[in-house]
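*Asks:* First the structure, which I've put down as structure tokens, then a few questions once you've had a look.
The values are calculated or read from the model by the stated rules, or taken from the named source; none is laboratory data. The model shown is predicted, which means the values in this text are computed figures rather than measured ones. Methodologically, a virtual Cβ is constructed for each residue, glycine included, from the backbone with ideal geometry; neighbour enumeration extends over all protein chains shown. For the accessible areas, the whole protein counts, side chains as well, though only heavy atoms, and no ligand, DNA or RNA atoms are used. Shrake-Rupley method; radii C 1.70, N 1.55, O 1.52, S 1.80 Å.
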Amino acid sequence: MKKFLVLGILFALPITAYLFFASGKNNFARLPVLTENVTDISGMETNTDSVLSFDEHITVVAFFGSDLEKIKGNTFNLDKKILEKYYDFDDFQFVLILPSETKEDTGNFIEEFKKISESSKWKIAYATSEEIETVFESFASPHKLDKDQYTPYVYIVDKDRNLRGRDDDEDHGELYGYDSRDVAELNNKMNDDVKVILAEYRLALKRNNRNDKI
């Protein structure tokens, strides 16, 4: 009986994984590139003293400004609807880009969220207003940062430092970023798009592995 149960699980897992990644509207199509070669963050100070980079990672990027009290709702929405589903993927990362003056406050901010999230996995880059503006403007999105270097929109950057999104969104036409205040947009559109880009890279990896064996 145990033998059949194990065989059943082994058979079901690949199908379940396929359905998970193929469940969105885009299936295994590539998620469109909206902006190429965005500015990297490798020169910024971090909360772990390690170097952060967009290179070789699928990155969800948030520019959440200097008022950490104001962004608790945004961060909670993003963590519950998107991030906690993907933390176990080695090439996936969540990066908060914050003004340098928030450095002393972010420890308490992360500790508070540890009760309800995996905030220890959040990666934080600290930068001057000018540095933040440079990275943000390289995204070439229609959004703007406010005086605190904040926008509610979060972005997907691929391993080649390209900004990914939608070029045929039913509501916006081109969808450069996802509104972290809008649970429905995160749950439906962004979740779908993260699945698509992860599936895209895994499909490419499988193809490369097959070619290596030939």
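*Asks:* Does any residue in the range 172-186 that is under 13 Å from Lys80 (Cβ atoms) come within less than 8 Å, Cβ to Cβ, of a residue that is of a type in the set (D, E, K, R) and open to solvent by 10 Å² or more (accessible area, probe 1.4 Å) six or more places away or on a different chain, and which pairs are these?
*Replies:* Val183/Lys81; Leu186/Lys81; Leu186/Asp179
*Asks:* Can Asp160 be described as among the acidic types (Asp, Glu), within 18 Å of the chain's Cα centre (by Cα), assigned to a loop (DSSP other than H, G, I, E, B) and at negative phi?
*Replies:* When the stated conditions are applied, Asp160 passes them.
*Asks:* Please go through the range 154-171 and pick out each residue that is more than 13 Å from Pro32 (Cβ to Cβ) and touching a strand residue (DSSP E or B) at 6+ places or on another chain (Cβ under 8 Å).
*Replies:* Val154, Tyr155, Val157, Lys159
*Asks:* Another one. Looking at the range 62-85, can you tell me whether even one residue there is surrounded by 15 or more Cβ atoms within 10 Å (Cβ to Cβ), without any contact (Cβ under 8 Å) to a residue 40 or more places away in the chain and not acidic (Asp, Glu)?
*Replies:* yes
*Asks:* While we're here: Check the range 18-39 and report whether any residue there is loosely packed, with under 11 Cβ neighbours inside 10 Å, of a type outside the set (Gly, Ala, Ser) and modelled with pLDDT under 90.
*Replies:* yes
*Asks:* Let me ask you something else. Keeping to the range 159-171, report how many residues are within 14 Å of Phe54 (Cα to Cα) and buried (at least 21 other Cβ atoms within 10 Å of the Cβ).
*Replies:* Start the filter on the range 159-171 by keeping residues that are within 14 Å of Phe54 (Cα to Cα), which leaves 159-164.
Those left that are additionally buried (at least 21 other Cβ atoms within 10 Å of the Cβ): 163-164.
Residues meeting the conditions: 2.
*Asks:* Oh, and also: Report yes if Thr128 is modelled with pLDDT of 95 or more and surrounded by fewer than 17 Cβ atoms within 10 Å (Cβ to Cβ), otherwise no.
*Replies:* Numbers: modelled with pLDDT of 95 or more: yes; surrounded by fewer than 17 Cβ atoms within 10 Å (Cβ to Cβ): yes.
For Thr128, the condition - modelled with pLDDT of 95 or more and surrounded by fewer than 17 Cβ atoms within 10 Å (Cβ to Cβ) - is met.
*Asks:* Checking the conditions here, which among Asn187, Asn191 is polar (S, T, N, Q), crowded, with 16+ Cβ neighbours inside 10 Å and in a helix (DSSP H, G or I)?
*Replies:* Working: Asn187 fails: crowded, with 16+ Cβ neighbours inside 10 Å.
Unique residue meeting the criteria: Asn191.
*Asks:* Could you count how many residues in the range 71-88 are of a type in the set (Ser, Thr, Tyr) and more than 18 Å from Lys189 (Cβ to Cβ)? Walk me through how you get there before you give the answer.
*Replies:* Taking the range 71-88 as the starting set, the residues that turn out to be of a type in the set (Ser, Thr, Tyr) are 75, 86-87.
Those still in the list that are more than 18 Å from Lys189 (Cβ to Cβ) too: 75, 87.
Count: 2.
*Asks:* Something else: If I filter the range 58-79 for residues that are part of a helix (DSSP H, G or I) and closer than 30 Å to Ala204 by Cα, do I get at least one hit?
*Replies:* Yes, the conditions are met somewhere in the range 58-79.
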